[in-house]
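Reading through the structure tokens given below for one structure.
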Amino acid sequence: MKIENRKARLARARVSLRALAIVPALGLISCGGGGGGDDAPPPALMAGDYYVYDYSFTPAGSSTSSYRNITTISSVAPDGTNLRVGTSSLAIASYTAYLNSAQVGYMTSVNGSINCQFSPPAQVAPPSPRSVGQSWSVTSTTSPSGCNGVIQTTQSGQVVAREAITVPAGTFETYRVTRQASNTLSATTSNQQTSTCWYAVDRGYVVRCDFNTTTTTSGSITTSTSTQVLSAIGGPVRASQGSTVSRFQGAWRVGFNGGVSGNCPSLLISSSGNVSGTCNVTGGASFTVAGTVTPSGSVSLSLSTGGSLTGSLSTPYAGSGTWVDSGTSGSWTASHQ
């Protein structure tokens, strides 16, 4: 029963990503923006900044699926163009996205193999600097056509207010933005979406978004609602807010070598930092591991064979360290699935 429930959650999550079209992939495209009117210039975006979002997705007449997405800034070029890596609490393949310095971005890699570009850049948020009354409208097509599940998208919206809102990550001064989107997903499927989103004034990241989506497939119409809420935020030169250990949540692949070699195909990290799973020695037996990851990323695991594994997760998607067991030792590396 647990396996069936997990499969159902994964299926609904994948459907929700498609129903939201490009929003989950580009939902942070306004990061590093901010400002407008009398606001001071926003702090520079930095490699290592991360944003943890809780998603919920409810198709009409069905139960709600919930999961967590984490976006990490991997690198930032001098002109502000940046690379972002997205991971999930579910077994949904991670993605990478390049965003240009105007923060209206284009997606260039999905699952590490599909190159997908929006032309002109798909703009799901107002460009910076922002101010109440500002509006925008952009129609973009994908190349190759249909990559990332989208053929064409038209995004338009308005900045309607400046206000403070409170979410699990804290209280933020934001711009409230209403947005309308029309997306062609395939020859037989399209959707219309309206949303209200709140973007932080200081760096422009999404604090909360509420979506309403109507999807038409070969004449059949379905509706859904979904929510994206910031639950944690942090970075190398900014104060952490919220439950930052949750940025490591999900399934991890671990490979180890040294005195013996092998792998841990799927170690699970919970939202509170607890770690559990099974590892396999090449040509040998299996063993279990259990332990914790701290909010700073320090890893401490006990092996059922009596050994230990320590190290750190340097980002929400990679880590490394050493292990010792029965007089032998070695190193390990890990990557988020």
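The values are calculated or read from the model by the stated rules, or taken from the named source; none is laboratory data. Bear in mind that the values here come from a model prediction, so they are computed numbers and not experimental data. Counting neighbours? That spans all protein chains shown, and the Cβs are built from the backbone with ideal geometry, glycine included. For the accessible areas, the whole protein counts, side chains as well, though only heavy atoms, and no ligand, DNA or RNA atoms are used. Shrake-Rupley method; radii C 1.70, N 1.55, O 1.52, S 1.80 Å.
Check whether at least one residue in the stretch 230-245 is of a type in the set (Ser, Thr, Tyr) and without any contact (Cβ under 8 Å) to a residue 12 or more places away in the chain, and report yes or no. I'd like the intermediate steps shown before the answer.
Taking the stretch 230-245 and keeping what is of a type in the set (Ser, Thr, Tyr), we get 231, 240, 243-244.
Now restrict to residues that are without any contact (Cβ under 8 Å) to a residue 12 or more places away in the chain: none.
Within the stretch 230-245, not a single residue is of a type in the set (Ser, Thr, Tyr) and without any contact (Cβ under 8 Å) to a residue 12 or more places away in the chain.
Just checking, which of Ala91, Ala122 is modelled with pLDDT of 75 or more, small (Gly, Ala, Ser), part of a loop (DSSP other than H, G, I, E, B) and under 25 Å from Thr215 (Cβ atoms)? Let's see the steps before the verdict.
Working: Ala91 fails: modelled with pLDDT of 75 or more.
The match here is Ala122.
I'm checking my understanding of the structure. Among residues of the stretch 166-182 that are within 19 Å of Ile151 (Cα to Cα) and more than 21 Å from the chain's Cα centre (by Cα), which one is least open to solvent (accessible area, probe 1.4 Å)?
Among those residues, the one meeting the criterion is Ser182.
Can you go through Ser271, Ser246 and tell me which one is under 18 Å from Ser312 (Cβ atoms), of a type in the set (Gly, Ala, Ser) and not in a strand (DSSP E or B)? Steps first, answer last, please.
On the way: Ser271 fails: under 18 Å from Ser312 (Cβ atoms).
None of the other options fit; the residue is Ser246.
Condition check: at positive phi and loosely packed, with under 15 Cβ neighbours inside 10 Å. Does Gly284 satisfy that?
no
With the requirement that a residue be of a type outside the set (A, V, I, L, M) and either without any contact (Cβ under 8 Å) to a residue 40 or more places away in the chain or open to solvent by less than 70 Å² (accessible area, probe 1.4 Å) (or both), what does the stretch 212-222 give you? Quick ask: steps written out before the conclusion?
First pass over the stretch 212-222, keeping only residues of a type outside the set (A, V, I, L, M): 212-220, 222.
Within the stretch 212-222, Asn212, Thr213, Thr214, Thr215, Thr216, Thr217, Ser218, Gly219, Ser220 qualify.
Of Arg130, Arg176, which residue is within 15 Å of Gly204 (Cα to Cα), part of a loop (DSSP other than H, G, I, E, B) and either touching a residue at least 12 places away in the same chain (Cβ under 8 Å) or small (Gly, Ala, Ser) (or both)? Step through it out loud before you land on a result.
Working: Arg176 fails: part of a loop (DSSP other than H, G, I, E, B).
Every option except Arg130 fails the conditions.
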